[in-house]
Amino acid sequence: MDPILSFRPLLAVMVSMLVIPVLISSGKKPNAREAWTFAAGLVKFGLIVSMLPAVLQGQEYLFTLSTPFPGVPIQLRVDALGMLFALVASFLWIFTSLYSIGYMRGLNEHGQTRFFVFFALALSSTIGVAFSANLFTLYLFYELLSLATYPLVTHHQDKKSKISGRRYLTFILGTSIGLVLPAMLICYHYAGTLDFTATGILSGQVPTPVLITLFFVFIFGFAKAAIMPFHSWLPAAMVAPTPVSALLHAVAVVKVGVFSIVRIVTGIYGVDLLSDLHIGPIAAGIAAITILAGSLIAMSQNELKRLLAFSTISQLSYIVLGVVLLSPKAMTGGIIHIAMHAFGKITLFFCAGAIMVATGKKYLSEMKGIGRRMPITMGAFFIGALSIIGVPPCGGFISKWYLALGTLQADQMPLLIVLLTSSLLNAIYFIPIVFKAFFVPETDALFNAKFQEAPLCCVIPLTITALISIWLFFYPQPFFDLARMAIN
Amino acid sequence: MSAHYPALIILIPLLAAFLNTAFVWLDKRLCYPTTVLGLGGSVYFCIRLLLKVVGNGTMAYHVGGWAPPMGIELRVDNLSALVLLLVSVIAFMNIIASRKSINEELTFKSGAFYTIYLLFVTGLLGVVATADLFNLYVLLEITSLSAYALLAMGNQDRAPLASLNYIFLGVVGASFYLLGVGYLYIMTGTLNMADVNSLLPGIAGSSAVMVAFVFCLVGIWIKMGLFPLHTWLPNAYSYAPVSSSRVIAPLMTKVMVYVMIRMMISVFGLDFVFEQISLEGWVVALASVAIISGAVMALAQKDLKKMLAYIIVCEIGYMVGGAWLGNSQGMTGAILHIVNDAIMTFALFLVLGNIVFTRKKTAIKDLRGIFSSMPWTMAGFILVGISIIGVPPTCGFFSKWYLLLGGIEAGASFFVFALVLSSLISAVLVFRVVETAFFSPEDGGHEHEKAALNEAPVSMLVPLGLTGVAIIAVGIWSGYIVQHIILPFIQQGIS
Amino acid sequence: MPDLLTEIVNKYNYWLYIILMMIGLYAMIAKNNLIKKLVGMNIFQTAIILFFISMGYKDNATIPIIMGGHGGEAAHKTIEASQYINPLPHVLMLTAIVVSVATLGVALALIILIYQRYQTLEEDELRMRVKQK
């Protein structure tokens, strides 16, 4: 079917960019400013949803901005995979905006206008990545995202932020300029194009050693996917305010990384070429190491956000694992984990931030008995944890189920064991948190049992995302259909 | 009228310079408007000329009606028209941005400054438009002399000495070029570029022609500041008044790159350069060393001005390497980078000028908290910074793309490595400044009150804003520039 | 060996200019005094000017003024190019001399400024005094 030529992809990307001048000018009027952020978020989500029906029918939207290089336009295309990612990101932005209001005002943070401005810019870049039609456009928005999130990570402007910011940039810019850029150019040199096509662009003329090296350069080059050893920027980025950690480093930035890897696998190399090259198992092994190591390190963390960061690192490699296994069920599982993990993890981060706002605590050792004081928050935490562990009735179960089936489909029994072990490890570090929060005897509790939740603007989003995690178990549409379509 | 555009472009600033000399005596206040009008006229005709040349093809102009090869010819093709527009627009924007700082820094010499400025621009425009080898030398020396004077007007402790050192090296460079032209004249008997080009295949094997080429090349390299012949550059640009260095730094070295490409393509011809003299391997290696040493030396600097000067040295390496790669991609990258780098360097010096105007100090450690006091300037700096790093959609990325692609095609892995390494080092350079500026005076804890807004005046911010827009626009529409202006030129040169 | 000697004798003018150029360059690099460097620069430029001028020379040719008659008469005679030396390099070098003088002027002005500031023109002393500032 011919793609639909339309302005809507461009608008969907640009909406949050266009609202930035308005945000800056209404800096003195916080309520107006927040209202504009909401408006932008709703319009963005609305635009994306409006394109959903056609995409579910199998059509695609196309928009070309200009063609700087022969064969490489700056082009946006809305297909199933991009739609899935964009839906998740834009939907969660609305809730994160609500959450940010509660968080930033609750902690009386400075520089709120700057915060909302760069948040909007980061979301523009994320949707840009989602809708990229070729590797060059993806690279463009990828870099923009790195730069837009730097002020957010270093928001507190203290010494710790400076060091973390430096590490953030070193890992993310260093790999994208040092690894992805040359690799992209070598691809272009051989293929003459960088479009994401159904069968990949590299089959034919490229010598095999180059293909193999390039593949691993891409895997490690997209450091936002936090594959070890290029993962340490993620725990370092936890110095950012929690809304940043929640949306960006659980949903937007990290998913951009794995999304780029998925695009490389499906759009640049193509499933057939990769299975001919037989590098699936090696790549899967690399992902498996990250899965296990991430969980193991998470177990040793005392700071809640760092624990969640390492959990994220581990979960991201689930997606990578699913995709490089190349079997349909595994790929479906991996892609749908983008959505499931997003909802589960953002709930967990929202809870961590809510605890910060309500009690000022960030270390696990200080959180005994907190369940009695903040039952809604810890309840949502429990649901989020279940989703990440992969237990029904939470959405995470669906993606893990498909991943497990996929490993069997690809005849990779060891990887099945890795998946199960990891789920077990997840349980080992998540359940005690919840247990200690609720079931610690009165004398050991550090909090009195008086009900004193976080501000409403924080509690509502985390409740909703937790409930959605459950909802997704029963109704995984439209993500499931989109994932199915993306594979074919 | 349109037939006279090439001459008009050069004559208008020249006449304005003469008028200025009179006005210095009569009424100093008329100097600035005359300069603006002169440069504005030049910009207008450059735009018309570019449109005409892209539409109708190369335009030749015989000075005085004398036919070449006896007479002096001005020849404007795609590349010349592009660079002419670049030079006139940057010179024009600079004079608008410089007005306040000239009044402040150079109150008594402002009349002289405007006059010499116009002569400098005249010389540059002439260098780009001419098609006669000796005429190029004369105009080059006009440009250089004006540059020596402009650069010496700065900090009186160090500027005269820096400028004097520049004179010594500059004269050696120009003299080498003249020597090369002399050899060519002995061998061909003509000074017209196109004429030499047609006569060259017959004598291509002779050693005199080879020596001519090498002499011309080395002379041009000294003038453009290619490592290791760059030693005059950091001092000359750092101690000069910002209004001077702001116009000299983006334009002088880039026009010399243009001259090198002109010599390679239109005078000696690509066949001669790449087949007779197999120097490309060495030159590309030298360019790669230039890139890396420029970047590393920039890293070692504690002062913003010196850091920018070394960044220029690094960027020259890009262009020389690209031109000598021997394929169309590399040459495209080099030519596109002439445009991009001129814009980026100009923007960087605009930022620097704003900082000098408000804060008077340019050491990096003096830039604490500047994000709050000069938000617009720093926004401009961030934009230029990411262009230098090479992040799309800013223009710096697009020329880097062609250069990298050319390097990969030619198998010049050292060059590719140098390009990637310098991008990473540029990231460090830019973010080092950003860190100092962003994280407030007291490390550890932030102040909740913002520093008072102490931004540069509007006349300085508007050019910065326009240049910022240009950085993105030239980037996104670089495909258009390449397709309609650069590639036809290269095709013409190959055939 | 006799070949080399013949080469040198036949093209003695070029060798002379090379020697002059090297003297000029040497002075620019090795001499300590700024004025001496300036003189070296001038010698360097002069050598190149001389090189150009010698280009125009032809054996048994005379100065480039048309022989026999003046005014309208002279203009209508046919002229043998080999009888007159080539005037073009001379003309070009007039311009080059002007450029050289102008550069000399600018350089001297700068030297005056430097002297006013530092009271010395020796480069090593200058370096020391500049560092002290």
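The values are calculated or read from the model by the stated rules, or taken from the named source; none is laboratory data. Fair warning: this is a prediction, and the values are worked out from it, not measured in the lab. Using ideal geometry, Cβ is built from the backbone for each residue, glycine included, and neighbour counts are taken over all protein chains shown. Note: areas computed on protein heavy atoms with side chains; ligands, DNA, RNA excluded. Shrake-Rupley method; radii C 1.70, N 1.55, O 1.52, S 1.80 Å.
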Cα-based Rg / Dmax (Å) for the range B:300-495: 18.2, 65
Shielding score for C:34-44, defined as the mean number of other chain Cβ atoms within 10 Å: 2
Surface accessible to a 1.4 Å probe, per residue, for the residues of the protein assembly as shown, Å²: 36
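Given a 1.4 angstrom probe, I'd like the percentage of the accessible area of chain C that is carbon and sulfur, rounded to a whole number.
66
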Gyration tensor verdict on the protein assembly as shown (Cα atoms; rounded if a/c is under 1.5, prolate if a/b is larger than b/c, oblate otherwise): prolate
Relative contact order of the range A:1-265, defined on C-alpha pairs under 8 angstrom at six or more residues apart (%): 19
For chain A, convex hull of alpha carbons as volume per residue, Å³: 126
Cut-off under 5 Å, modelled amide H: who pairs with A:GLU303 long-range: A:LEU364
Coil-residue GluC sites (Glu not before Pro) of the range C:70-133, DSSP, other Cβ within 10 Å capped at 11: C:GLU80
Value of relative contact order over chain B, rounded to a whole percent, pairs C-alpha under 8 Å and six or more apart: 14
For A:SER66, residues with placed amide H under 5 Å, excluding near neighbours: A:ILE74
Unit charges on C-beta of K, R, D, E only; dipole of chain B, Debye: 840
Residues losing 10 Å² or more accessible surface upon assembly, the range B:467-491, compared with the chain by itself, 1.4 Å: B:ILE476, B:TRP477, B:GLY479
Degrees, to the nearest 10: B:133-151 long Cα axis against longest axis of chain B: 20
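Give me Rg over Rh for the range B:1-129, both radii from the alpha carbons and Rh done the Kirkwood way, two decimal places. The partial results should precede the final answer.
Working: Rg = 15.6 Å, Rh = 15.1 Å.
Rounded to two decimals, Rg/Rh equals 1.03.
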Relative contact order (%) - criterion: Cα under 8 Å, at least six apart; region: chain A: 15
Range of Cα positions in the range A:46-146 per principal axis (Å), largest first: 49, 32, 16
Using θ = phi - 60° and Karplus 6.51 cos²θ - 1.76 cosθ + 1.60, couplings along the range B:286-303 (whole Hz; Gly, Pro as x): 4, 4, 4, 4, 4, 4, 5, 5, x, 5, 5, 5, 4, 4, 7, 8, 9, 10
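Where Rh is the Kirkwood radius over the Cα pairs of chain B, the temperature 20 °C and the viscosity 1.002 mPa s, what D in µm²/s does Stokes-Einstein return? Could you put the intermediate results ahead of the total?
Working: Rh = 22.7 Å.
D, rounded to a whole number, is 94 µm²/s.
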Residues in the range A:47-93 that, when all protein chains are in place, have 50 Å² or more less accessible area than the chain alone would give (probe 1.4 Å): A:PRO68, A:PHE69
Residue-wise HN-Hα coupling along the range B:52-66, computed from phi with Karplus coefficients 6.51, -1.76, 1.60 (Hz; x: Gly, Pro): 5, 5, 5, x, 10, x, 4, 10, 10, 9, 9, 5, x, x, 6
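When a/c is below 1.5 the answer is rounded, else prolate if a/b is larger than b/c, else oblate, so apply that to the range A:1-265 with a ≥ b ≥ c taken from the square roots of the Cα gyration tensor eigenvalues.
Taking the square roots of the gyration eigenvalues as a ≥ b ≥ c, the range A:1-265 is oblate.
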Furthest towards positive pole of dipole, A:VAL19, B:GLY380, C:VAL130, structure part the protein assembly as shown, Cβ charges: A:VAL19
List of the range B:382-412 residues, accessible area with partners at least 40 Å² below that of the chain alone (1.4 Å probe): B:VAL391, B:PRO392, B:PHE397, B:PHE398, B:TRP401, B:LEU404, B:LEU405, B:ILE408
With every protein chain in place, the range A:279-488: carbon and sulfur % of accessible area (1.4 Å): 70
List A:HIS278, A:HIS249, A:HIS156, ordered by accessible area with a 1.4 Å probe, largest first: A:HIS278, A:HIS156, A:HIS249
Unit charges at the beta carbon, dipole of the protein assembly as shown: most positive-side option, B:MET93, A:PRO281, A:LEU425: A:LEU425
Accessible area of chain B belonging to carbon and sulfur atoms, whole % at 1.4 Å probe: 68
Accessible surface buried upon B-C contact (total; probe 1.4 Å; Å², nearest 100): 2800
Accessible area buried between chains B and A, both sides summed, probe 1.4 Å, in Å² to nearest 100: 3100
Local electrostatic count at A:VAL320 - Lys and Arg +1, Asp and Glu -1, tallied over other residues with Cβ under 14 Å: +3
In degrees, nearest ten, helix A:396-409 long axis to first principal axis of chain A (Cα): 40
Average beta-carbon neighbours from other chains, 10 Å sphere, peptide B:348-360: 0
J(HN,Hα) series, the range A:219-234, from Karplus relation 6.51 cos²θ - 1.76 cosθ + 1.60, nearest Hz, glycine and proline x: 4, 7, x, 7, 5, 5, 7, 6, 7, 5, x, 9, 9, 5, 6, 6
Protection-proxy order for peptides C:96-103, B:395-402, each taking the mean of Cβ atoms within 10 Å per residue, highest first: B:395-402, C:96-103
